[in-house]
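Student: Sharing a structure below in structure tokens format, with a few things to ask.
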Amino acid sequence: QVQLVESGGGLVQPGGSLRLSCAASGSDFSIYSMDWYRQAPGKQREWVAGITSGGNREHVDSVKGRFTISRDGAKNTVYLQMNNLKPKDTAVYYCSGAHDGIVYWGEGTPVTVSP
């Protein structure tokens, strides 16, 4: 059974940092492209960052220079390091894995940025 489990979310003050983790199981996720999305209250889900099986990565403009996606193949885990967090980053963050037209999703981890 394929499973993605996010962790690391929480409450943080503006300017603070969090590292989200997405632990994958049930498949060889080293061949998957992995992405982070987020959904703020009342808004549509938006793509935040992605990393290919080869390690190429991209980030949405609004987080460039602050967020970094990475992956550890040995641990089947993808990370999102988030620095200099802002209130507008408040959202539920979701991990997804895609390969050969199949996409898997985790259930999300909430991030709240507030004084």
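Student: Using a 1.4 Å probe on the protein heavy atoms, what percent of the accessible area of the chain belongs to carbon and sulfur?
Tutor: 46
Student: Let me ask you something else. If you roll a 1.4 Å probe over the heavy atoms of the protein chains, what accessible area per residue do you get for the chain, in Å²?
Tutor: Dividing the accessible area of the chain by its residue count gives 53 Å².
Student: Hey, another quick one. Along the Cα-to-C-beta direction of A98, a point sits 7 Å from the Cα; which residues of the range 47-77 have their amide N less than 20 Å from that point?
Tutor: 47-64, 68-72, 77
Student: Can you run phi through the Karplus equation (6.51, -1.76, 1.60; θ = phi - 60°) for the range 105-112 and list ³J(HN,Hα) in whole Hz, with x for Gly and Pro?
Tutor: Along the range 105-112, the couplings run 10, x, 8, x, 9, x, 10, 10 Hz.
Student: Return a single number: how many Lys pairs in the chain, at a sequence separation of 8 or more or on separate chains, have alpha-carbon atoms below 24 angstrom apart.
Tutor: Pairs that pass both the separation and distance tests number 5.
Student: At 7 Å along the Cα-to-beta-carbon direction for both Q1 and S70, put a label point, then send me their distance in nm to one decimal.
Tutor: 3.2
Student: Could you give the length gained by full extension between K86 and R19, i.e. 0.36 nm per residue of separation minus their alpha carbon distance, to one decimal place?
Tutor: 22.7 nm
Student: Given a 1.4 Å probe and heavy atoms of the protein chains only, how would you sort W36, W47, largest accessible area at the top?
Tutor: W47, W36
The values are calculated or read from the model by the stated rules, or taken from the named source; none is laboratory data. This structure is a prediction, so every number in the text was calculated from the model and none was measured. Ideal geometry is used to build each Cβ from the backbone, glycine not excepted, and the neighbour counts take in all protein chains shown. Remember, those area values only see protein heavy atoms, side chains included, never the ligands or the DNA or RNA. Shrake-Rupley method; radii C 1.70, N 1.55, O 1.52, S 1.80 Å.
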